[in-house]
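A short worksheet on the structure shown next.
Laboratory data are not the source of any read-out in this text; all were calculated from the coordinates shown. Being a predicted model, the structure only gives us computed values, none of them experimental. FYI the Cβ positions are ideal-geometry reconstructions off the backbone, even for glycines, and counts take in every protein chain you see.
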Amino acid sequence: MASALPFDPAPDALSLLTPITRSSVNESVYQALRNKLMHGEYRAGQPLGIQYLADALGTSTMPVREALRRLVAQQGLEPLPNGTTRVPLITRERLVDIRRTRLLIEGTAIEWAAPHLTPAQLDELEVLAREITAARRTREGVAVSLEKNLVFHFTLYQAAQSPVLLASIESLWLQSGAYLRATREFLHTEEQPADHLHEQCIAALRAGDAATARRRIEEDISWVFDRLDLDLA
């Protein structure tokens with residue numbers, strides 16, 4: 001007769017589900033704050049209190065603390081001596097540094113992505129590009145355009161197949177949020193030379209011209225930063 005096993009091979013469902021649920025809450029809180037920062041919903045210098053965020057998100061303080069810790073590590077937020085965090089202040093030096101680094105890294109990502117993008121992906125990106133252009137035409141559409149713009153860019157960058165590069169880009173976008181907020185008013189005026197750069201980028205990628213696609217993305221990035229640079233002059 002076979003001897004009894006020294007343990008019950010059936011897993012304890014609760015012990016498996018509890019950490020998954022906790023992780024899901026932590027990730028949800030992080031993603032919510034990450035998206036708000038990337039979309040410029042917090043102004044430069046704005047403090048973000050832990051209890052305030054927990055109340056707003058309907059959660060405990062623990063996942064908020066973890067999310068803020070991750071965002072500080074990604075340089076999207078900076079810690080304060082009193083234990084809270086804030087959105088970094090806008091300075092000309094920081095503006096120049098973020099701008100030039102984004103041009104370098106995101107331009108490289110486009111060139112790396114070019115050989116991996118499928119016709120179906122390019123079709124989807126072209127639709128997104130047109131939707132972004134249409135949404136920017138009105139003040140009410142700015143929020144939608146920002147969301148679609150994020151999807152557009154990160155779909156391209158993910159095709160570069162470099163998790164290290166993608167993590168660097170995400171950090172840069174987190175750091176750019178306050179600058180984006182400061183230039184939102186330019187997104188629904190008649191001064192919109194950046195409107196068709198997304199479409200032109202996709203056209204270049206379809207033609208196998210990664211260098212031109214890179215230039216269009218660099219122009220797209222530069223347009224917002226150039227407007228803010230003028231404002232700081």
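The convex hull of the Cα atoms of segment 26-142, projected and averaged over all directions, covers 10.0 nm². In order along segment 116-125, the phi-based Karplus estimate (6.51 cos²θ - 1.76 cosθ + 1.60, θ = phi - 60°) of 3J(HN,Hα) comes to 9, 6, 8, x, 5, 5, 5, 4, 5, 5 Hz; Gly and Pro are listed as x. Take every pair of alpha-carbon atoms less than 8 Å apart whose residues are at least six positions apart; their mean separation over the length of segment 74-161 yields a relative contact order of 30 percent.
Each residue of segment 86-102 was assigned a 3J(HN,Hα) from its phi angle through the Karplus expression (A = 6.51, B = -1.76, C = 1.60, θ = phi - 60°), giving 8, 6, x, 6, 8, 10, 4, 5, 5, 4, 4, 5, 5, 4, 5, 6, 5 Hz with x at Gly and Pro. Extending 7 Å from the Cα toward the beta-carbon at both residue 100 and residue 73 defines two label points whose distance is 2.9 nm. 3J(HN,Hα) couplings calculated from phi for segment 75-83 with the Karplus curve 6.51 cos²θ - 1.76 cosθ + 1.60 (θ = phi - 60°) are, in sequence order, 6, x, 10, 10, x, 10, x, 7, x Hz; Gly and Pro show x.
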